[in-house]
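Some notes on the structure that comes next.
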């Protein structure tokens, strides 16, 4: 078998396309050489265009595409792409089977680039492996994410999660909307205010999910988010997430620890001991907590209330849980500890959304997992300077989109072989 026939098979080319010439160009000054594959079509062919009619070739235009590396060497496809003149007199370039219209890269190159990102690579590391600038990989991601967002219709979203995540540490935020039942991101917008919620709901609606279908919203205690939901989703029940409440209570506990520690250095380096769940303490740690709780009764009382608060939320019966929560509030008020009183006031100010939790048991736990995944994406990339790339990567990893990392419905074995090198 001639090498041209071999490469025709390797590229999956079908009639009338075939490999006409293969040229390997050595570059002595570098370890990276180049493989150039010239593709042609059989003569006297007619080609189908977008109007579903076949036309004879009018002329040709020379095109080049970057392909997957041949071992460590860069590979390029070249072809004289036919153009036809349709019945309206318009000159149209024929679509080629190995690349999307207008792209300078083959479909396999783009699919493998996306595959690398799904496997955990950053835009930078994927670019280094593919031997292109990271911005090229970013443009490929943005293109396919945009196509998927425009073409894949969302199913009705009934249980919605709202959360924010930072673009950079301490700088700029995006609001992330998640479908808590189907476990995927449905919309992302810059900011962490009511306007961001409104823009995200508009995106969700444009993608086919009507805001009027939302009947439950799980979120943190953000006043801006609360106001936005009351205004834009008046039919939806607000559910304040238990884990955010537990975090607030832990902060109150830590405030009490700091107050006690200011008077006695015996509590130094004990911060995370108090924040841990009692069930996860080692015998040595449990003994230390018991001893310090006796020595510092205010701190001991606060720690006991923190653990009891979790038990209240674990109660499966809504009526019993609410009764237990009322009793918990009474005990917390009797403690007269200012941080706990502040926490109790927070509970009372958000009572309706707290009560609803016990009847629905809906949490934003998945939204929090999405947040953790986003933070991992950010760490891998060492931050994002381009907000559009950041949002595209959130959709890419968490949006449940059907992206072209497969060819003919299957993941090419060569992808696994290349990434395992």
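Table for the structure above
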quantity	calculated
Qualifying position, being modelled with pLDDT of 95 or more and over 25 Å from the mean Cα position of the chain (by Cα), among 263, 231	231
Enumerated helices (runs of 4 or more DSSP H) restricted to the range 333-402, each holding at least 2 residues that are in contact with a helix residue (DSSP H, G or I) (Cβ under 7 Å, 6 or more places away or on another chain) and at pLDDT 90 or above	338-349, 351-360, 387-398
In the range 234-256, residue surrounded by the most Cβ atoms within 10 Å (Cβ to Cβ) [restricted to those that are touching a helix residue (DSSP H, G or I) at 6+ places or on another chain (Cβ under 6 Å) and not in a helix (DSSP H, G or I)]	239
Matching residues in the range 90-99 - criterion: being touching a residue at least 60 places away in the same chain (Cβ under 8 Å) and in contact with a helix residue (DSSP H, G or I) (Cβ under 7 Å, 6 or more places away or on another chain)	98
Set 306, 269: member being in contact (Cβ under 8 Å) with a residue 40 or more places away in the chain and within 37 Å of the chain's Cα centre (by Cα)	306
Qualifying residue in the range 284-303 (condition: touching a helix residue (DSSP H, G or I) at 6+ places or on another chain (Cβ under 6 Å), farther than 19 Å from residue 273 by Cβ and assigned to a helix (DSSP H, G or I))	no
Filtered residue count, the range 201-220, keeping only those that are assigned to a loop (DSSP other than H, G, I, E, B) and touching a helix residue (DSSP H, G or I) at 6+ places or on another chain (Cβ under 6 Å)	1
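Residues checked against (1) surrounded by 15 or more Cβ atoms within 10 Å (Cβ to Cβ); (2) touching a residue at least 40 places away in the same chain (Cβ under 8 Å); (3) more than 29 Å from residue 229 (Cα to Cα); (4) out of contact with any strand residue (DSSP E or B) (no Cβ under 7 Å at 6 or more places or on another chain):
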{"site": "280", "(1), (2), (3), (4)": "no, no, yes, yes"}
{"site": "298", "(1), (2), (3), (4)": "yes, yes, yes, yes"}
{"site": "312", "(1), (2), (3), (4)": "yes, no, no, yes"}
{"site": "323", "(1), (2), (3), (4)": "no, no, no, yes"}
{"site": "327", "(1), (2), (3), (4)": "no, no, yes, yes"}
{"site": "330", "(1), (2), (3), (4)": "no, no, yes, yes"}
{"site": "337", "(1), (2), (3), (4)": "yes, yes, yes, yes"}
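The values are calculated or read from the model by the stated rules, or taken from the named source; none is laboratory data. From a predicted model like this one, the values you see are computed outputs, not experimental measurements. Cβ atoms come from the backbone with ideal geometry, glycine included; neighbour counts cover every protein chain shown.
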